[in-house]
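One structure is given below, encoded as structure tokens.
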Amino acid sequence: MSALISCATLWVTPARAEDSRTALPPAVAASKPGMSARDSAAKREGTYVTGLPVVDSDPDTGFGIGAVANVFWDGPRADPLFDRAPYQHRVLLQGFVTTRGFQQHLVDYDAPYLRGTPYRLRATIIYERNTSANYYGRGAATLAPLSFPGAGRTFSTMSSYTAALRTLQPGNLSHTLYNKYDLEDPSFRASVERDLFGGLIRVQVGIGVSYVRVRDYSGTSTVGDDSGTGRTDLPATMATTRLEEDCDAGRIVGCVGGMHDTLKLGIAFDTRDYEPNPKSGVFVDLAGEFSNRVIGSAYDYARVTFTPRVFVSPMPALADLVLALRGVVSMQTSGVPFFAMSTLAFTDIDRQGLGGIWTLRGYNQDRFVGPIAAAANGELRWAFVTFDILRQNFSLAAVPFFDVGRVFDRVRDLSLRDWRYGAGGGLHVAWNKATVVVFDYGLSVEGRNFYMGIGQQF
């Protein structure tokens, strides 16, 4: 996948602020370490907007174009929460479409320390449709080499596997979309959090409401390649997909979609100096997610995710260097719909995995999905240059990384064998400290992928 992004900047002149600052933070954040003096001085005051026009090309979803804009209210520098809260308010707007039918449009609001209180409000409205959603099966079986019915062999790389899927079979059938399905998921999510003990502990309660539509490609029109003549993109009929195979066999639930409502309860321990791009501290969260017919859902299940994260600046006087580490363990009961089983439910933001930019780089999105997921990630973030343009502060960071993860069917299956690894490097651009644009290149035994995203991986 290749991607190109260009940046446009808008800003609103910040409100005047006094040069002095209250000596001590209010009780709601008394235990928060706060940003360093250097980073605090570079942080913008008042209200400003960061805008990112996005142009993207992906082998699964095609050519895409859209835009992401963040509106920040940071308040005056004299505010005692200025260097302890990432911002006072933030509104994120995104619109994105591709030539192969992928859409993601959202409005997201976040207000830490709402009106100077220990409460935080988050709310998101999102419409997403992915006509190329990945489905490689469920459970430890996804760790097996890539294969499909009638192939007579396995494949070690995603590129060779994808080429073989497109080969025309007798009866003018093709497996081109064997690992694909059409997922439509409009949703609303909201949560309220409260800081305790001066900001060290945070408790959370949240809700999620969505109506999911699932469309399978078995028997639909597709294209294939004739290996005998070398002709490509010939009209063909899609053979039975992996999703249809598993639905017919009763191995998964969720094949008909429907209402998918959740209740989330979480608790976190947080000593990070600056939430969007931390340089020191730890963040440990435990999130429980529950779905039940009592709250209007078509599904009954529970999921628990435990995630420690550590950030260390080993030589702050010599270099702006951060060692960032994360571990993830997620366990869920039976009854999880197949389209939600890949969700890693954190207290700050949910991610999809394993595979893709947020979990296991170098593998395709949702390559490994199962009842139990475990992962670990390490990044070395070196901000090698910082500069200002038109009153905007930027820093560029070189980021080598290493990812590892795998899935299990049962707790008793936990072991140190058969883990999957990804590694690579990236360029991370921090814009006014709070907006981080990520360009990562990941490699694995199955292939290599280029990723672009907004926000640090963790």
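On the beta carbon distance between T240 and V284, with R0 = 51 Å, the FRET formula returns roughly 0.70. With q set to 0.17, 0.20, 0.25, 0.31 Å⁻¹, the log10 of I(q)/I(0) for the stretch 414-458, from the Debye formula over equal scatterers at the Cα positions, is -0.59, -0.70, -0.87, -1.08. Charging the Cβ of each Asp and Glu at -1 and of each Lys and Arg at +1, and nothing else, the dipole of the chain about its Cα centre rounds to 620 debye. Principal axis analysis of the Cα atoms in the stretch 257-343 yields extents of 56, 20, 17 Å, listed in decreasing size.
Mind checking which lysines have their Cα closer than 21 Å to the Cα of K279? Skip sequence neighbours fewer than 8 apart in that chain. K279 reaches K32, K43, K433.
What is the sum of charges around E245, taking Lys and Arg as +1, Asp and Glu as -1, for the other residues whose C-beta is under 11 Å from the C-beta of E245? For residues surrounding E245, the net value is -2. Among R166, R115, R231, the ranking by other beta carbons within 10 Å of each residue's beta carbon, starting with the fewest, stands as R115, R231, R166. Put simply, when 92-100, 180-188 are sorted by average Cβ atoms within 10 angstrom per residue, most first, you get 180-188, 92-100. The Cα-based radius of gyration and maximum Cα-Cα distance (Dmax) for the stretch 222-307 are 22.7, 63 Å. For I207, neighbours were defined as the other residues whose beta-carbon sits under 10 Å from its Cβ, and their charges (Lys and Arg +1, Asp and Glu -1) total +1. Considering only F387, F450, S342, and ranking their Cα positions along the charge dipole of the stretch 324-458 that arises from unit charges at the beta-carbon of Lys, Arg, Asp and Glu, the one farthest toward the positive end is F387.
In loop segments of the stretch 59-91 as defined by DSSP, there are no chymotrypsin sites (Phe, Trp or Tyr not before Pro) with at most 12 further C-beta atoms inside 10 Å of their C-beta.
Per the Kirkwood formula applied to alpha carbons, the stretch 141-274 shows a radius of gyration over Rh ratio, Rg over Rh, of 1.19.
When the helix-only estimate is applied to the chain (DSSP H runs of n ≥ 4, each -39,500 (n - 2.57), divided by the residue count), what is the mean residue ellipticity at 222 nm, nearest 500 deg cm²/dmol? The helix contribution divided over the chain gives -1000 deg cm²/dmol. By the Cα gyration tensor, the stretch 171-249 has an equivalent ellipsoid whose semi-axes, rounded to whole angstrom, run 47, 14, 11 from largest to smallest. Within the shell defined by Cβ-Cβ distances under 13 Å, the residues around L323 carry a net charge of +2, with Lys and Arg each +1 and Asp and Glu each -1. Any idea what diffusion coefficient the chain gets from Stokes-Einstein, in µm²/s, Kirkwood Rh on alpha carbon pairs, 10 °C, 1.306 mPa s? This corresponds to a translational diffusion coefficient of 68 µm²/s. Computed packing ranks the peptides 376-384, 308-316 as 376-384, 308-316, most packed first, by mean other Cβ atoms within 10 Å.
Computed from the coordinates by the stated procedures, all read-outs in this text should not be read as laboratory data. These figures come from a predicted structure and were not determined experimentally. Because the Cβ atoms are built from the backbone with ideal geometry, glycine has one as well, and the counts that use them run over all protein chains shown.
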